[in-house]
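Input: a single structure, listed below in structure tokens.
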Amino acid sequence: MREFLEQVIAGIAAGGIYASLALALVLIYRAMGLINFAQGEFAMFTAFICWALLQGPQVPFALALAISVAVGFVGALAIERVVVRPFERGSPLVIVIVTLALFEIVNSVAGFVWGYTPRSFPSPFPARPVDIGGILISIQDAAVIGVSLLTLALLYVLFDRTKLGLAMRAAALYPDVSELLGIRTGVMLGLGWGLASAVGAMSGILVAPRILLEPNMMQGVIIYAFAAAVMGGIDSPVGAVVGGLALGVMLALIGAYLPALADLRLALSLLLIVVLLVVRPSGLFGQHQARRV
Amino acid sequence: MPLLDLAQVTAGYGHRRVLHEVDLSVDEGEIVAILGANGAGKTTTLRAISGVIHRVGQITFLGRSLLGSSASDTARLGIAHVPEGRGTMGQLTVAENLQLGAYVRRDRAIATDMDRVFSYFPVLKERRRQYAGTLSGGEQQMLAIARAIMARPKLVLLDEPSLGLAPLVARSIFELIGSINRDLRTAVLLVEQNAVAALDISHRAYVLEAGRVAVSGASAELRAHDRVRRSYLGY
């Protein structure tokens, strides 16, 4: 039982990382109705910036984190304005192609600047475990869970408790009416991209110490994040987090108890998600299931 | 000087022109009705004013040209456009719809205004936590007007408020428009199929035919005008 709980908590910690990136995907989906395939690469790039700040000027971790999240925010806002905005009125497929192009560009630029040799990324939190009621949890895992929950809480406050968040929701759902109310929907969309990238940056910086830092490091994570977002209902932030955590736990339990199937755990997890979607096509929290009444 | 002044305004969708050289004005505190058959250009006139569609000619509001203004700029200048179909944001609550009505404001009297709006529309107070999509047609129309008032606009562009409503509900909507105009001195440019009701509450009216102003004048005079009576009032 103790070992089972330890596996569950390790799974939740890994899931928290998938959840952060899934949240980023959901934010763009809600704003534009499409998936930004470059989201993981944005996260990778910001993780590199964080690493460069830690290695070069040796700034404290908290400052490096704040700067790289801010760079992620501003960078994505600029990318939306310059590269995505001209295609905004076109077919969604065109924008999807634009995000695929961004994927390649960001990936190659990172490779060009920092090379493809994997590097270790210093974790701000010790990997040493602490004993909580007989269950061993690594401090790093606990911190990842804490950061993921904090991100979700901040997003909830933004979207549900502030005027700006309300305007962002309105602009995403009802762009024409929002314009008539004086909301600059273009600005809201840019802020949405910035916000998604900032949230995604957290996932890149949290995952980098667990895997190694290199330009292709997010390509596995984005598949998990995509699966988590779809499982949660693609348009639900809460769903993305629950989906991410559930997926993390599933993967950890398969790895621990069905070692023969360990190589198939991603396929098995995706299969489970397909079964879930057959039973419940709108996902766990999609559309009308997650609404507050 | 009129509050809103249109001179020789031509507008349309793509290459299809719907409005041709329209002259129209609204004074402060006035209710002006635009009457006309389907396709005459009534909705297009409102869209040309708020900048939703491309337009040429002259449009001035409070003495400044609106031609370079986007729809959101126009809203910030004090024109609230209640669009065709009411623009209900159904997945947001009634209270959220009203808060967004006040989006352009930076002052602190929004809560007070919310109470004032609830005094006009008590049913919205009861339903403020509900999703706007769950309201009836009449309630959604009330919400649309209430949301416009929350901006404290100088001018409200109101597109077919009675559309799809039962006659009694439509009548109470018109009464509310009249009392808001009297109490708050908000000017209203009203597009309406129901010519009888529109002429009853408006001070002046324009009749559009095929995108041009066919007749205009004081509403009381238009009621007696032969052509208007036969074509739009039906007696």
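The values are calculated or read from the model by the stated rules, or taken from the named source; none is laboratory data. All values derive from a computational prediction rather than experimental measurement. Methodologically, a virtual Cβ is constructed for each residue, glycine included, from the backbone with ideal geometry; neighbour enumeration extends over all protein chains shown.
Out of (1) within 14 Å of chain B (Cβ to nearest Cβ); (2) touching a residue at least 12 places away in the same chain (Cβ under 8 Å), the odd one out for residue A:174 is which?
Status for residue A:174: all satisfied but (2).
Quick check on region B:195-204. Is at least one of its residues surrounded by fewer than 22 Cβ atoms within 10 Å (Cβ to Cβ), among the acidic types (Asp, Glu) and touching a helix residue (DSSP H, G or I) at 6+ places or on another chain (Cβ under 8 Å)?
The answer is yes, given that some residue of region B:195-204 is surrounded by fewer than 22 Cβ atoms within 10 Å (Cβ to Cβ), among the acidic types (Asp, Glu) and touching a helix residue (DSSP H, G or I) at 6+ places or on another chain (Cβ under 8 Å).
Filter region B:51-70 down to the residues that are closer than 30 Å to residue B:135 by Cβ and either at pLDDT 95 or above or at the interface with chain A (Cβ under 10 Å from one of its Cβ atoms) (or both) and list them by number.
Once the filter is applied, which keeps residues that are closer than 30 Å to residue B:135 by Cβ and either at pLDDT 95 or above or at the interface with chain A (Cβ under 10 Å from one of its Cβ atoms) (or both), region B:51-70 yields B:51, B:52, B:70.
Please go through region A:76-127 and give me each residue that is over 17 Å from residue A:48 (Cα atoms), part of a loop (DSSP other than H, G, I, E, B) and of a type in the set (Gly, Ala, Ser), ordered by number.
Within region A:76-127, A:90, A:91, A:127 qualify.
For (1) out of contact with any Asp or Glu (no Cβ under 9 Å at 6 or more places or on another chain); (2) over 21 Å from residue B:42 (Cα atoms), each residue gets a yes or a no:
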{"residue": "B:148", "(1), (2)": "yes, no"}
{"residue": "B:163", "(1), (2)": "no, no"}
{"residue": "B:172", "(1), (2)": "yes, yes"}
{"residue": "B:184", "(1), (2)": "yes, yes"}
{"residue": "B:207", "(1), (2)": "yes, no"}
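If you scan region B:71-93, which residues turn out to be small (Gly, Ala, Ser), part of a loop (DSSP other than H, G, I, E, B) and more than 7 Å from every other protein chain (Cβ to nearest Cβ)?
Selection gives B:78, B:85, B:90.
Within region B:166-183, is there a residue that is at positive phi and out of contact with any Lys or Arg (no Cβ under 8 Å at 6 or more places or on another chain)?
Within region B:166-183, none of the residues are at positive phi and out of contact with any Lys or Arg (no Cβ under 8 Å at 6 or more places or on another chain).
Pick from region A:156-168 the residues that are within 14 Å of chain B (Cβ to nearest Cβ) and free of Cβ contacts under 8 Å to residues at least 60 places away in the same chain: which of them is surrounded by the fewest Cβ atoms within 10 Å (Cβ to Cβ)?
In this case the residue turns out to be A:161.
Here are A:153, A:142, A:196: which of them is part of a helix (DSSP H, G or I), away from chain B (no Cβ under 14 Å), aliphatic (A, V, I, L, M) and touching a strand residue (DSSP E or B) at 6+ places or on another chain (Cβ under 9 Å)?
Residue meeting the stated conditions: A:142.
What's the number of the only condition in (1) more than 14 Å from chain B (Cβ to nearest Cβ); (2) assigned to a loop (DSSP other than H, G, I, E, B); (3) buried (at least 19 other Cβ atoms within 10 Å of the Cβ) that residue A:216 fails to meet?
Checking residue A:216 against (1) more than 14 Å from chain B (Cβ to nearest Cβ); (2) assigned to a loop (DSSP other than H, G, I, E, B); (3) buried (at least 19 other Cβ atoms within 10 Å of the Cβ), the one that fails is (3).
Restricting to region B:121-134, name every residue that is part of a helix (DSSP H, G or I) and surrounded by 17 or more Cβ atoms within 10 Å (Cβ to Cβ).
Those that are part of a helix (DSSP H, G or I) and surrounded by 17 or more Cβ atoms within 10 Å (Cβ to Cβ): B:124, B:132.
Does residue A:99 meet the test of being away from chain B (no Cβ under 14 Å), surrounded by 13 or more Cβ atoms within 10 Å (Cβ to Cβ), of a type in the set (Val, Ile, Thr) and in contact with a helix residue (DSSP H, G or I) (Cβ under 7 Å, 6 or more places away or on another chain)?
No: the conditions fail for residue A:99.
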